[in-house]
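These notes concern the structure reproduced below.
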Amino acid sequence: MNIGIVGAGGIGTRHAQAYAKHPKSDVAAVCDVDAERAARLADAHGARAFTSIADMLSGGIDLAACSVCTKGEENGGDHYAPTMELLEAGIPVLGEKPISNRIDEGRKMVELAASKGLPYGINLNHRFTPAAERAKDWVESGRLGTLHMIGMTMWIDNPVETSPWFHIRALHPHSIDVMRYFAGDVRRVAAFFMKGEGRAIWSNAKIVFEFAGGMIGSLTGSYDAGGGFGLETCDVTGSKGRFLLEEACQRLTFHTRESREAETFHFLGGMLGFNETFDSRIGRWVDQLDQGVPPERIDASGMDALQAQLVIEACVRSFERSEVVEVASL
Ligand SMILES: NC(=O)c1ccc[n+]([C@@H]2O[C@H](COP(=O)([O-])OP(=O)(O)OC[C@H]3O[C@@H](n4cnc5c(N)ncnc54)[C@H](O)[C@@H]3O)[C@@H](O)[C@H]2O)c1
């Protein structure tokens, strides 16, 4: 499959490396408004460089799909225009997170992909680990019994101060997607934020969730962490047992309610760290395109990303109004 990369920054480079590793995909085109960046990444992959989507689309390359790795305000403000142009032209898109920092634009991209019957995925890569998939199997096979609670922590050090809601909008599409992966749709949220020492933005968050299926949960998030804090943990508790998933892929433990015996897996599937999730997520995208998986069954779809963004906006509203807020339905 010929793949186009739109946005040749650090993350576009990572996407390109993942496509190059997959036996069924090659990077055939790179498009960046910065000609030097486009040329550098294109040269690394023997691909052609473009500075506009229109030129790339009329360049005579039979593109099977494109990754959109632009950035913009709150890390998602620039995805809309190139994504719409590609979808209008009938090209499947794998976008970066957040799908958009604006719900109306996120909704339009999801609607356009659906109306054209096109696969539209988002790089919500944290759930694409063998450990998360094993935990999901346990949930679905009933090993945990009736699901009761989920706890999620995701924190990094990010000193960027560009907007008040940058932390929740840019980082937490990931954590909320992992929570939705295990617990389903979110019905209501109650959110609290605080500004870390010396910060102008809401860089710390504690949020309580009620899920449509009846579970309850909480999210701890921060842009004032890093170092020995780790990146993330997720635990799910049910009537029969509990799992604890550490660092997305590094350690997965199952505890039964009946005894002290525990089962622990380290580095399941040989995955050593979060960086490898670009390969696993993009590999799944290529495999699903290759298998002709229907657009509504694409893993970590545009719709999933839009749902996560709706949860985020409900959190903002909850804090601003000091209220428990229902997540807007689509
Ligand atoms: N999934 C993850 O784990 C993860 C991790 C970090 C960042 N990200 C996301 O990756 C995205 C990109 O981040 P980055 O650090 O690589 O950004 P970046 O700013 O380094 O690169 C973005 C590139 O897009 C180009 N660009 C902007 N508008 C364009 C357009 N209309 N057409 C073509 N090119 C255009 C810019 O010139 C720039 O080179 C962000 O949305 C960010 O949130 C995801």
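None of the figures in this text is laboratory data; all of them are computed from the coordinates on show. Remember, it's a predicted structure, so these values are computed and weren't measured experimentally. All Cβ positions, glycine included, derive from the backbone under ideal geometry; neighbour counts span all protein chains shown.
Rg/Rh for the stretch 174-246 to two decimals, with Rh computed the Kirkwood way over all alpha-carbon pairs. Walk me through the intermediate numbers first.
Working: Rg = 13.8 Å, Rh = 13.6 Å.
Here Rg/Rh amounts to 1.01.
Rounded to the nearest 20 debye, what is the charge dipole size of the stretch 123-195 about its Cα centre when +1 sits on each Lys and Arg Cβ and -1 on each Asp and Glu Cβ?
On the way: 9 positive and 7 negative charges, 41 e Å.
Rounded to the nearest 20 debye, it is 200 debye.
Let me test this: with uniform point scatterers at the alpha carbons of the chain, what is the Debye-based log₁₀ I(q)/I(0) at q = 0.07, 0.09 1/Å?
-0.28, -0.47
Just to be sure I understand: of the beta bridges DSSP finds with both ends in the chain, what percent are antiparallel, rounded to 5? Could the numbers behind the result be given before it?
On the way: 42 of 68 bridges.
The antiparallel fraction comes to roughly 60 percent.
For residue 62, project a label point 7 Å along Cα to C-beta. Then give me every residue of the stretch 1-27 with its amide nitrogen under 12 Å of that point.
1-2
Show me the ranking of peptides 25-34, 69-78 by mean Cβ neighbours inside 10 Å, starting with the highest. Mind showing how you got there, number by number?
On the way: 25-34: 22.0, 69-78: 20.0.
Answer by packing, highest mean first, reads 25-34, 69-78.
What dipole magnitude, in Debye to the nearest 20, does the stretch 166-206 give about its Cα centre under +1 on Lys/Arg Cβ and -1 on Asp/Glu Cβ?
On the way: 7 positive and 3 negative charges, 28 e Å.
In total the dipole reaches around 140 debye.
Per 0.36 nm of contour for each residue apart, how much would the distance between residue 328 and residue 296 grow if the chain were fully extended, relative to their Cα-Cα spacing?
On the way: separation 32, 0.36 × 32 = 11.52 nm, distance 2.05 nm.
Once the chain is fully extended between residue 328 and residue 296, it gains 9.5 nm.
Efficiency by 1/(1 + (r/R0)^6): what FRET value for residue 111 and residue 21, r their Cβ-Cβ distance, R0 = 35 Å, to the nearest 0.05?
Numbers: r = 33 Å, r/R0 = 0.94.
My answer for the efficiency is 0.60.
Of 57, 84, 207, whose Cα points farthest to the positive end of the dipole of the chain (charges on the beta-carbon: +1 Lys, Arg; -1 Asp, Glu; origin at the Cα centre)?
207
About the Cα centre, and with charges only on the beta carbon of Lys, Arg (+1) and Asp, Glu (-1), how big is the dipole of the chain? Nearest 20 debye, please. Walk me through the intermediate numbers first.
Values: 33 positive and 44 negative charges, 136 e Å.
For this selection, approximately 660 debye.
Towards the positive end of the charge dipole of the chain, with charges on Cβ (+1 Lys, Arg; -1 Asp, Glu), say which of 170, 194, 259 has the farthest Cα.
259
So what's the gap between the Cα centers of the stretch 158-224 and the stretch 19-60, to the nearest angstrom?
If we compute the Cα centre of each part, the gap is 35 Å.
According to the square roots a ≥ b ≥ c of the eigenvalues of the Cα gyration tensor, what is the shape class of the stretch 1-135, taking rounded for a/c under 1.5, prolate for a/b larger than b/c otherwise, and oblate for the remainder? It would help to have the intermediate numbers written out before the result.
Numbers: a/c = 1.41, a/b = 1.13, b/c = 1.25.
Rounded.
Pairs 21/97; 108/136; 71/108; 97/206: which are spaced more than 25 Å apart, C-alpha to C-alpha? Mind showing how you got there, number by number?
Details: 21/97 22 Å; 108/136 30 Å; 71/108 18 Å; 97/206 21 Å.
Over 25 Å Cα-Cα: 108/136.
Give the shape of the stretch 238-330 as rounded, prolate or oblate, defined through the alpha-carbon gyration tensor: a ≥ b ≥ c are the square roots of its eigenvalues, a/c under 1.5 means rounded, and otherwise the shape is prolate if a/b is larger than b/c and oblate if not.
Details: a/c = 2.16, a/b = 1.13, b/c = 1.90.
Oblate shape, in that a/c is at least 1.5 and b/c is the bigger or equal ratio.
Loop only per DSSP, at most 16 neighbouring Cβ atoms within 10 Å: give me the trypsin sites (Lys or Arg not before Pro) in the stretch 83-146, ordered by residue number. Present the calculation step by step, with values, prior to reporting the outcome.
Working: sites: 102, 107, 108, 116, 127, 134, 136, 143; in loops: 102, 143.
In loop regions of the stretch 83-146 (DSSP not H, G, I, E or B), the sparsely surrounded trypsin sites (Lys or Arg not before Pro) are 143.
For the charge dipole of the stretch 225-271, defined by +1 on Lys and Arg C-beta atoms and -1 on Asp and Glu C-beta atoms about the Cα centroid, which residue among 269, 227, 244 has the Cα displaced farthest towards the positive pole?
Working it through, the farthest residue towards the positive pole turns out to be 244.
If you count, for each residue, the other Cβ atoms within 10 Å and average over each peptide, how do 5-14, 253-262, 188-197, 90-99 line up from highest to lowest? Please list the in-between numbers first.
Numbers: 5-14: 21.9, 253-262: 12.1, 188-197: 17.0, 90-99: 24.6.
Sorting 5-14, 253-262, 188-197, 90-99 by mean packing, highest first, produces 90-99, 5-14, 188-197, 253-262.
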